[in-house]
Structure formats: C-alpha cells, structure tokens
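The structure appears right after this line, and notes come after that.
Computed from the coordinates by the stated procedures, all read-outs in this text should not be read as laboratory data. Computed from a prediction, not measured in an experiment: that's the story for all the values here.
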Amino acid sequence: MSNPLPRDDAVRQGDITHLAFQILGRDEAIAFLNTDNALLGGRPIALATESAAGQLHVEAELRRMRERQSRMKCKRHISYPCTNPMRHGRRTQATAS
C-alpha cells in the first residue's frame, strides 16, 4: 500500500493540474505534465508536487505556453487582426479608464 501525499504536495499537484487543464486542455495537459521537460529539468507534475519553487517554475512555463498560443491565434487573423489590446499587455485610451 502506498503512502498518501502530504497535504501541501497534494494541493500543489491539484493546483498545477487545474492550471494546465485550463491552459492546454485535458489531453495536452496530461501529456505536458507527465513528459520529461528538458527546460524544467524533469516531469512538470513531479517538480510542481515536490516543492513550491518547482510549482512556480512549472506555472511560469504554462503561462509562457499560454502567451505563445495567444500570439499564434492573433497571427492567424491576418485579414481580421486581433483587436484585443489586453491580450498583448497594451492598454488603449478606451480600456485605460
């Protein structure tokens, strides 16, 4: 019989899984979390579960992935450019108020 995860580890594991599912969708999140990642230095699920620092590194990578996805979606709108200034971190006068 295996030992249950300590509470802090279980919370980190749940949080990183939830974030990955939100950003990547179910299948891609499962693949990402369970595949060795050279940039992160291991399997993201293991890194995020074992320490708060590991969780922060995996969260940062997921956010970079989300940003790359956003840029790719906007680049596809050549005839209809992306008009969402907040997606790119820019504010217009209309959104500044």
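Amide H contacts under 5 Å for Gly42: Asn37, restricted to partners 5 or more places along the chain or on a different chain, H placed in the peptide plane at 1.01 Å from N. Over all projection directions, the Cα-based convex hull of segment 23-77 averages an area of 3.9 nm².
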